[in-house]
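Right, one structure below, let's go through it.
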Amino acid sequence: MKAPEPVQQVKHRRDSALATLVGAVPYAGFLGIQFERHGDELTAVLPYSEKLIGNPILPAIHGGVIASFLEVTAIIELSWAMLWDELETGRLTPEAMADNLPRLPKTIDFTVDYLRTGLPRDAYARARVNRSGRRYASVHVEAWQDNRARLFAQATGHFLMPQRKNG
Amino acid sequence: MPENDAQDFINALPFARALGMRLDQIGEGHAQISMDWDARFVGDPATGVIHGGAVSALMDTCGGAAVLSYPGALGTATIDLRIDYMRAATPGQRITARAECYHVTRRVAFVRATAHDEDSANPVATATGAFTFDRKEQP
């Protein structure tokens with residue numbers, strides 16, 4: 001029986017794969033979106049900044065920022081889920097991924113519910129892949145600020161999956 | 001709306017300014033807003049195509065502007081917005097959104113919008129949304 005992989009090695013491999021995936025999306029960097037990882041579970045974090053404001057009188061985060069945050073979260077989660085097995089079995093390494101970036105799912109449609117005003121503070125989001133087939137996927141995303149149970153926005157989207165040679 | 005007032009509308013919204021939006025036309029429940037392609041807004045580095053979220057932001061701003069230009073409107077906020085992505089916007093090309101507030105009730109405004117790049121015959125995306133409609137109180 002093979003000895004289990006040392007924990008630091010596992011963490012390093014997963015974290016560098018995630019950093020490569022997220023770092024390759026310029027718009028995620030433009031908004032300042034970061035991802036925290038626990039095992040395979042991702043939480044997206046949107047640190048507050050003044051440029052994200054849509055209504056300066058309230059003030060409130062722009063609806064377009066919220067839609068963008070949710071869509072970025074959905075695409076990264078879906079890509080992460082798509083690559084996870086390949087990364088865990090070693091068929092794909094973070095280094096190979098960085099040299100040849102994986103194609104990302106394409107959004108077919110995306111529907112956002114604005115439940116509460118986005119306050120001028122950090123926001124968090126998690127996505128759940130409800131169905132992922134060879135061609136199409138359906139993803140639900142929830143976003144909150146202070147309380148996990150009080151969502152300020154949610155979204156559902158459908159995506160066209162990229163065709164992977166060995167996937 | 002005079003040109004200066006129109007651009008003031010965009011300049012008052014920090015995120016619209018961050019995306020470089022320009023209000024081209026507005027009035028009577030219709031609005032047109034456009035923005036340049038920018039490397040910072042790219043969603044898929046392999047293709048250079050702008051992120052869907054940036055197109056959403058443009059459509060949402062344009063939809064809100066259309067509602068605010070509807071006679072009697074005082075304020076608005078998005079209740080929900082659905083975007084259908086028809087095709088990838090061509091990298092390097094300006095994206096233009098047009099929105100129409102086609103019906104209002106006492107409290108709700110209904111909006112549809114389309115976005116296109118420099119090929120105006122083939123939409124990049126279409127959207128439908130419901131917005132809150134805060135109106136001037138009638139005497």
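The values are calculated or read from the model by the stated rules, or taken from the named source; none is laboratory data. Only a predicted model underlies this, so the values are computations on that prediction, with no experimental measurement involved. Note that we place each Cβ from the backbone using ideal geometry, even for glycine, and neighbour counts take in every protein chain shown.
Here is a list: B:THR47, B:THR78. Which entry is within 12 Å of chain A (Cβ to nearest Cβ), polar (S, T, N, Q) and in contact with a Gly (Cβ under 8 Å, 6 or more places away or on another chain)?
Numbers: B:THR47 fails: in contact with a Gly (Cβ under 8 Å, 6 or more places away or on another chain).
None of the others qualify; the one that does is B:THR78.
Considering only segment A:79-107, state which residues are free of Cβ contacts under 8 Å to residues at least 60 places away in the same chain and β-branched (Val, Ile, Thr).
Those that are free of Cβ contacts under 8 Å to residues at least 60 places away in the same chain and β-branched (Val, Ile, Thr): A:THR89, A:THR107.
Anything in segment A:11-46 that is assigned to a helix (DSSP H, G or I), within 17 Å of A:LEU83 (Cα to Cα), in contact (Cβ under 8 Å) with a residue 12 or more places away in the chain and within 14 Å of chain B (Cβ to nearest Cβ)? List them, or say none.
Matches in segment A:11-46: A:THR20, A:LEU21, A:VAL22.
Having 3 or more residues that are at the interface with another protein chain (Cβ under 10 Å from one of its Cβ atoms), modelled with pLDDT of 95 or more and touching a strand residue (DSSP E or B) at 6+ places or on another chain (Cβ under 9 Å) is the bar; report the strands (runs of 3 or more DSSP E) wholly within segment A:70-167 that clear it. Please lay out each step first, then the result.
Details: elements: A:106-114, A:123-132, A:136-144, A:151-160.
Ranges flagged: A:106-114, A:151-160.
Residues checked against (1) polar (S, T, N, Q); (2) within 20 Å of B:ALA46 (Cα to Cα):
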| site | (1), (2) |
| --- | --- |
| A:GLY54 | no, no |
| A:ILE57 | no, no |
| A:VAL72 | no, yes |
| A:LEU78 | no, yes |
| A:MET82 | no, yes |
| A:PHE110 | no, no |
| A:THR117 | yes, no |
| A:PRO120 | no, no |
| A:ALA125 | no, no |
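Applying the selection to segment A:115-151, what residues are more than 20 Å from A:PHE35 (Cα to Cα) and touching a helix residue (DSSP H, G or I) at 6+ places or on another chain (Cβ under 6 Å)?
Once the filter is applied, which keeps residues that are more than 20 Å from A:PHE35 (Cα to Cα) and touching a helix residue (DSSP H, G or I) at 6+ places or on another chain (Cβ under 6 Å), segment A:115-151 yields only A:ALA137.
With the structure loaded, tell me whether B:PHE9 is crowded, with 18+ Cβ neighbours inside 10 Å, within 13 Å of the chain's Cα centre (by Cα), at pLDDT below 95 and not in a loop (DSSP other than H, G, I, E, B) or whether it fails that test.
Values: crowded, with 18+ Cβ neighbours inside 10 Å: yes; within 13 Å of the chain's Cα centre (by Cα): yes; at pLDDT below 95: yes; not in a loop (DSSP other than H, G, I, E, B): yes.
In short, yes.
What about B:GLY63, is it within 15 Å of B:ILE33 (Cβ to Cβ) and either facing chain A (nearest Cβ under 10 Å) or in contact (Cβ under 8 Å) with a residue 24 or more places away in the chain (or both)? Even if it seems obvious, please write down each step before you answer.
Numbers: within 15 Å of B:ILE33 (Cβ to Cβ): yes; either facing chain A (nearest Cβ under 10 Å) or in contact (Cβ under 8 Å) with a residue 24 or more places away in the chain (or both): yes.
In short, yes.
Any residue at all in segment A:26-38 that's in contact with an Asp or Glu (Cβ under 6 Å, 6 or more places away or on another chain), crowded, with 19+ Cβ neighbours inside 10 Å and under 21 Å from B:ARG82 (Cβ atoms)? Steps first, answer last, please.
Residues of segment A:26-38 in contact with an Asp or Glu (Cβ under 6 Å, 6 or more places away or on another chain): none.
Looking through segment A:26-38, none of the residues is in contact with an Asp or Glu (Cβ under 6 Å, 6 or more places away or on another chain), crowded, with 19+ Cβ neighbours inside 10 Å and under 21 Å from B:ARG82 (Cβ atoms).
For segment A:108-118, indicate whether the set of residues that are of a type outside the set (Val, Ile, Thr), touching a residue at least 12 places away in the same chain (Cβ under 8 Å) and over 22 Å from B:ALA54 (Cβ atoms) is non-empty. I'd like the intermediate steps shown before the answer.
First pass over segment A:108-118, keeping only residues of a type outside the set (Val, Ile, Thr): A:109-110, A:113-116, A:118.
Now restrict to residues that are touching a residue at least 12 places away in the same chain (Cβ under 8 Å): A:109-110, A:113-116, A:118.
Among the residues that remain, those that are also over 22 Å from B:ALA54 (Cβ atoms) are: A:115-116.
So far as segment A:108-118 goes, yes, one or more of its residues are of a type outside the set (Val, Ile, Thr), touching a residue at least 12 places away in the same chain (Cβ under 8 Å) and over 22 Å from B:ALA54 (Cβ atoms).
This table checks each residue for (1) touching a residue at least 12 places away in the same chain (Cβ under 8 Å); (2) surrounded by 19 or more Cβ atoms within 10 Å (Cβ to Cβ).
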position	(1), (2)
B:ALA77	yes, no
B:ARG87	yes, no
B:PRO91	yes, no
B:ALA97	yes, yes
B:HIS103	no, no
B:ARG112	yes, no
B:HIS116	yes, yes
B:ALA127	yes, yes
B:THR132	yes, no
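For A:GLN8, only one of the following conditions fails: (1) of a type in the set (S, T, N, Q); (2) in contact (Cβ under 8 Å) with a residue 24 or more places away in the chain; (3) not in a strand (DSSP E or B). What is its number?
Here A:GLN8 clears every test but (2).
Does segment B:11-31 hold any residues that are away from chain A (no Cβ under 11 Å) and in contact with a helix residue (DSSP H, G or I) (Cβ under 7 Å, 6 or more places away or on another chain), and which are they? Can you show your working first?
In the first step, residues of segment B:11-31 are kept if they are away from chain A (no Cβ under 11 Å); the result is B:20, B:22-31.
Answer for segment B:11-31, where residues must be away from chain A (no Cβ under 11 Å) and in contact with a helix residue (DSSP H, G or I) (Cβ under 7 Å, 6 or more places away or on another chain): B:ARG22, B:LEU23, B:ILE26, B:GLY29, B:HIS30, B:ALA31.
In segment B:14-33, which residues are surrounded by fewer than 20 Cβ atoms within 10 Å (Cβ to Cβ) and part of a strand (DSSP E or B)?
Passing the criteria: B:ARG22, B:ASP24, B:GLN25, B:GLY27, B:HIS30, B:GLN32.
So which residues in segment A:51-65 are in a loop (DSSP other than H, G, I, E, B) and either at positive phi or in contact (Cβ under 8 Å) with a residue 60 or more places away in the chain (or both), if there are any at all?
Narrowing segment A:51-65 to residues in a loop (DSSP other than H, G, I, E, B): A:56-59, A:62.
Result: A:PRO59, single match.
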